[in-house]
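Written below as structure tokens is the structure these notes are about.
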Amino acid sequence: MTLLAEQTTTAAADALGTADVAVIPTGSTEQHGPALPLGMDHMAAEAFARTATDRDDAVVLPTIPVGVSAHHRQFDGTLYVSADTFERYVEETLSSLAEHGVRKAVVVNGHGGNSGALRRAARTLRDERTAFAPPWNWWDSVDDLGADLFDEEGGHADAMESSLLWYLREDLVRPAALETAEAGASESWGESIHGAALGFDTIDFSESGAVGRPTQADPEKGERLFEAARDQLHALLDWLVERPLEDCWSRDHR
Ligand SMILES: [Zn+2]
């Protein structure tokens, strides 16, 4: 099916009737250092989600472009909502979809800061037996490949993200600024003092807003990442389509 938002309500009735699973992209609009656009995370999520438009068994929902990004707020252009608002928004969106009969979904997520809220939303929907909607983080699905391709701990506007967007949207990456991004980057997420993680806001530990080694970015590596993660997403969708809904709920204690 094509994108839900491009259907008429008449056409949607048929399309939703045949869809076994929904795909909903979520991301952020937040600083990604001087080389990448603010929309990096939701653009990545949307690109993965749109590969599912080729499937007859899937419906692709509109992208949720603003997420849990308060920790980037000191950088120009960053938008954010609270974790509670984001959690409720995703939960209620999927709950409204369930009214049309689609009760299995994959939340294709492009922003790590959304993860906690997405896990909580998925738990509520599952506990209430409204929908089964596990979040899927593209970078987690290609962890090993990322480690092979790049020498970085990474985490934000790093070589992995820069490579992916360079492949997807060459027009939006500023390769000349990758040096500046890396010069002001931290190696990892904030300082840890005697076991206490002190990195509350990105500005506490990164001057450029990046975390990692963005100068290692390469669009060909981005293509490999994209294809590998896309394959993982489709394998997950295949698995979810096959899985009966009653097997998705938590089991009662016997
Ligand atoms: Zn990002």
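Which one is farthest from residue 103 (Cα to Cα), of the residues in region 121-156 that are hydrophobic (A, V, I, L, M, F, W, C), more than 16 Å from the ligand (Cβ to nearest atom) and not in a strand (DSSP E or B)? Let's see the steps before the verdict.
First, pick out the residues of region 121-156 that are hydrophobic (A, V, I, L, M, F, W, C): 121-122, 125, 131-133, 136, 138-139, 142, 145, 147, 149-150.
This time we only want the ones that are more than 16 Å from the ligand (Cβ to nearest atom), so: 121-122, 125, 131-133, 145, 147, 149.
Adding the requirement that they be not in a strand (DSSP E or B) leaves 121-122, 125, 131, 133, 145, 147, 149.
Working: 121: 14, 122: 12, 125: 9, 131: 4, 133: 8, 145: 32, 147: 35, 149: 37 Å.
Going through the qualifying residues, I end up with 149.
Report every pair of residues separated by at least 6 positions or lying on different chains whose Cβ atoms are under 7 Å apart, first residue within region 92-111 and closer than 18 Å to residue 136 by Cα and open to solvent by less than 50 Å² (accessible area, probe 1.4 Å), second within 16 Å of the ligand (Cβ to nearest atom) and of a type in the set (Asp, Glu).
110/41; 111/41
Identify all residues within region 210-254 that are in a loop (DSSP other than H, G, I, E, B) and either aliphatic (A, V, I, L, M) or touching a residue at least 12 places away in the same chain (Cβ under 8 Å) (or both); write none if there are none.
Taking region 210-254 and keeping what is in a loop (DSSP other than H, G, I, E, B), we get 210, 212-213, 217-218, 243-244, 248-254.
210, 212, 213, 217, 218, 243, 248, 249, 250 - these are the residues of region 210-254 that are in a loop (DSSP other than H, G, I, E, B) and either aliphatic (A, V, I, L, M) or touching a residue at least 12 places away in the same chain (Cβ under 8 Å) (or both).
Residues checked against (1) open to solvent by 30 Å² or more (accessible area, probe 1.4 Å); (2) within 16 Å of the ligand (Cβ to nearest atom); (3) touching a residue at least 12 places away in the same chain (Cβ under 8 Å); (4) out of contact with any helix residue (DSSP H, G or I) (no Cβ under 7 Å at 6 or more places or on another chain):
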residue	(1), (2), (3), (4)
10	yes, no, no, yes
15	no, no, yes, yes
33	no, yes, yes, no
56	yes, no, yes, no
89	yes, no, yes, yes
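Would you confirm, using the coordinates I've provided, whether residue 46 is within 16 Å of the ligand (Cβ to nearest atom) and acidic (Asp, Glu)? Steps first, answer last, please.
Values: within 16 Å of the ligand (Cβ to nearest atom): yes; acidic (Asp, Glu): yes.
It is true that residue 46 is within 16 Å of the ligand (Cβ to nearest atom) and acidic (Asp, Glu).
The values are calculated or read from the model by the stated rules, or taken from the named source; none is laboratory data. Keep in mind the model is a prediction, meaning the values are calculated, not measured. Virtual Cβ from ideal backbone geometry, glycine too; neighbours counted across all protein chains shown. Just the protein is used for accessible areas: all its heavy atoms, side chains included, with ligands, DNA and RNA removed. Shrake-Rupley method; radii C 1.70, N 1.55, O 1.52, S 1.80 Å.
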